[in-house]
Amino acid sequence: QVQLVESGGGLVQAGGSPRLSCVASGCIFSINHMGWYRPAPGKQRELVAQITSSGTTNYADSVKGRFTISRDNAKNTVYLQMNSLNPEDTAVYYCNGIVKPDGFSYYMAYWGGGTLVTVSS
């Protein structure tokens, strides 16, 4: 069983800089990509930021220059540093991990339950 649990959300003022965390736990052999997603119009979820196991990052255009994704492979943890927030960033942020569980020969996608970030103007 693999679980991803997010933390760090809450109510912040516009311009604020919260940091989200997501810890993967359970019977994990290895983790490939980890990322953050949020709902978007016309989509179930859109990619906000993603990071590979070697540290290569990818960002949505809407957050480039404001958000920074990082990870601690030893702790199976991914972070999202959010800066210069605006009300349009209000959303539930979901953590995603591409994980190979112990005893498996392939990777699977796992999702956290989400953490709500509300940005007040």
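What follows is calculated from the coordinates using simple rules that are stated; it is not laboratory data. Given the structure is predicted, the values throughout are model-derived calculations rather than measurements. Glycine also receives a Cβ, built like all others from the backbone with ideal geometry; neighbour counts cover every protein chain displayed.
What length, rounded to one decimal in nm, is gained on full extension from residue 19 through to residue 3, with 0.36 nm per residue of separation minus their alpha-carbon distance?
3.8 nm
Taking the alpha-carbon distance from residue 75 and a cut-off under 22 Å, which lysines remain once sequence neighbours fewer than 8 residues away in the same chain are dropped?
Answer for residue 75, where 22 Å is the Cα cut-off: 100, listed by chain and number.
So what are the ³J(HN,Hα) numbers for region 97-103, from phi and the Karplus equation (6.51, -1.76, 1.60; θ = phi - 60°), rounded to whole Hz, Gly and Pro as x?
Values, residue by residue: x, 9, 10, 9, x, 3, x Hz.
Write down the Kirkwood hydrodynamic radius of the chain, to one decimal in angstroms, obtained as one divided by the mean of 1/r over all alpha carbon pairs.
Computed over Cα pairs of the chain, the Kirkwood hydrodynamic radius comes out at 14.5 Å.
Say a paramagnetic label sat at a point 7 Å from the Cα of residue 32, along Cα to Cβ; which residues of region 97-121 have their backbone N under 18 Å from it?
Backbone N within reach: 97-112.
In 10 Å bins starting at 0, how do the alpha-carbon pair distances of region 50-112 split up by percent?
Whole-percent P(r) values from 0 Å outward: 17, 48, 26, 8, 1.
Label residue 121 and residue 86 with points 7 Å out from Cα along Cα→Cβ: what is the distance between them in nm?
1.1 nm
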